[in-house]
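Asker: Here it is: the structure, laid out below.
Readers should treat all values here as calculations from the given coordinates under stated rules, not as data from a laboratory. Fair warning: this is a prediction, and the values are worked out from it, not measured in the lab. Methodologically, a virtual Cβ is constructed for each residue, glycine included, from the backbone with ideal geometry; neighbour enumeration extends over all protein chains shown.
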Amino acid sequence: MKLKLKTVFLLYFMVSLMGLVYALMQLGQRCDCREHDLPKDRTISQLRGELHKLQEQMRKSEPTKASKKTSLPTIYVITPTYARLVQKAELTRLSQTFLHVPQLHWILVEDAPHKTPLVRDFLAASGLTYTHLHMLTPKERKLQEGDPTWLKPRGAEQRNEGLRWLREMAAAAGGKGQTVENAVVYFADDDNTYSLQLFEEMRYTQKVSVWPVGLVGGMKFERPVVENGKVVRFHTGWRPSRPFPIDMAGFAVSLKLVLDNPEARFDGDAQIGFLESSFLQNMVTMEELEPKADMCNKVLVWHTRTEKPKMKREEALIKQGLGSDPNVEV
Ligand code: UGA
Ligand code: MN
């Protein structure tokens, strides 16, 4: 409909312009006066130039826009997030990466009892296509201050909530439509660093695609090892015997596989290091994995972690009644 209107508008514009050019030429024939011809000629050539420019713009922009919209599979990115000092900084960096990725739908799931105004306003201003959800991690499953980070898995309930939304959305669409049939699901934590190329690598995932993850597990990188185009084992520093010894950032699954396995979810009680396996193990075999990123020779995502900011000076100033203005959002 949009395209048709544009075509009609362009036709109308061209016909009017030709009429105008013709009228001006007729006027020109009847007039002998050279002073009158000059501005008229200039107007005509200006209008011709404008017309040419417009035609070029239409030619360049229309086919790319249309093909991007209709043919690219959607990437649904599920991100768990929780309130802390660096949250807005993490979300800013992440969202500005995602803005460069066509046909991406961000499912941001807050680990909170309700959606917070900070995240709601942030998403509204982000310019991204998104869904805002929340799911509080039950207290007994949550890391307490001072607990070692390996004690309990993080983000499990939030990723499951994202999966629930996807399954409901797909059911409502009757499993049909471009955004459902070829879509891909990726679990992107809010603190990692993602190359734009990673998203193009995962876009045509059939079942589960895999690639290396940099700076993880006490290694420069972990990765699936590929022989003759197939994953045969995993390069990891710890328990390579796990069903899928890969980090959350190292794989994407097709939405179809998620829908075909309605029970598949992350086990919030999984032993340390087994969270990814708890989701993948009943859906796919090692032989079926699709190696990406130059047969797993290229690192396109890094398991970066942000340092917790020290607030010693802030606390000292608060004691003196001189703390930062609480109305300024960080
Ligand atoms: C590693 C893996 O890369 C994670 O995918 C995995 O969930 C985690 O270990 C684990 O063992 O559970 P790590 O850097 O240690 O990652 O974990 P975080 O980045 O602290 O947390 C993973 C995600 O969960 C982040 O998006 C974070 O915002 C979120 N999170 C963390 C919550 O939603 N709630 C929390 O209380 C903590
Ligand atoms: Mn992390």
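Asker: Aspartates and glutamates within cross-link reach of Lys312: Cα-Cα under 18 Å, excluding same-chain residues under 8 positions apart?
Answerer: Hits, sequence-local ones excluded: Glu145, Asp325.
Asker: What is the calculated FRET efficiency for Glu50 to Gln96, with r their C-beta to C-beta distance and R₀ = 35 Å, to the nearest 0.05?
Answerer: In this case the efficiency is close to 0.50.
Asker: Name the GluC sites (Glu not before Pro) in the range 86-171 that are in a loop by DSSP and that have at most 15 other C-beta atoms within 10 Å, would you?
Answerer: Passing sites in the range 86-171 are Glu145.
Asker: Fewest first, what order do His235, His105 take by the number of other Cβ atoms within 10 Å?
Answerer: Listing His235, His105 from fewest to most nearby Cβ atoms yields His235, His105.
Asker: Tell me, Tyr12, Tyr82, Tyr76, Tyr204 in order of fewest to most beta-carbon neighbours within 10 Å? Write down the numbers at each step before the final one.
Answerer: Values: Tyr12 10, Tyr82 17, Tyr76 25, Tyr204 14.
In order of increasing Cβ crowding within 10 Å: Tyr12, Tyr204, Tyr82, Tyr76.
Asker: If the cut-off is a Cα-Cα distance under 17 Å, which aspartates and glutamates reach Lys40, setting aside same-chain residues fewer than 8 apart in sequence?
Answerer: Correct list for Lys40: Asp32, Glu50.
Asker: While we're here: For the pair Arg120 and Lys6, what calculated FRET efficiency results from E = 1/(1 + (r/R0)^6), where r is the Cβ-Cβ distance and R0 = 30 Å, to the nearest 0.05?
Answerer: 0.30
Asker: A follow-up question, please. Quick one: what are the phi-derived ³J(HN,Hα) couplings along the range 248-255, Karplus 6.51/-1.76/1.60 with θ = phi - 60°, whole Hz, x for glycine and proline?
Answerer: Ordered by residue, 3J(HN,Hα) equals 3, 7, x, 8, 9, 10, 6, 4 Hz.
Asker: Moving on to the next point. I'd like the trypsin sites (Lys or Arg not before Pro) in the range 292-330 restricted to DSSP loop residues with at most 12 other Cβ atoms within 10 Å, sorted by number.
Answerer: On the way: sites: Lys292, Lys298, Arg305, Lys310, Lys312, Arg313, Lys319; in loops: Lys292, Lys298, Arg305, Lys310.
Counting only loop positions with at most 12 other Cβ atoms within 10 Å, the trypsin sites (Lys or Arg not before Pro) in the range 292-330 are Arg305, Lys310.
Asker: Say the cut-off is 22 Å between C-alpha atoms; which of Lys230/Lys292; Lys207/Lys230; Lys88/Lys139; Lys176/Lys256 go over it? Don't skip to the end; give the middle numbers.
Answerer: Values: Lys230/Lys292 11 Å; Lys207/Lys230 14 Å; Lys88/Lys139 24 Å; Lys176/Lys256 11 Å.
The pairs that break the limit, which is 22 Å between Cα atoms, are Lys88/Lys139.
Asker: A follow-up question, please. Of Val15, Val299, Val109, how do they rank once you tally other Cβ atoms within 10 Å and put the fewest first?
Answerer: Working: Val15 10, Val299 19, Val109 27.
Listing Val15, Val299, Val109 from fewest to most nearby Cβ atoms yields Val15, Val299, Val109.
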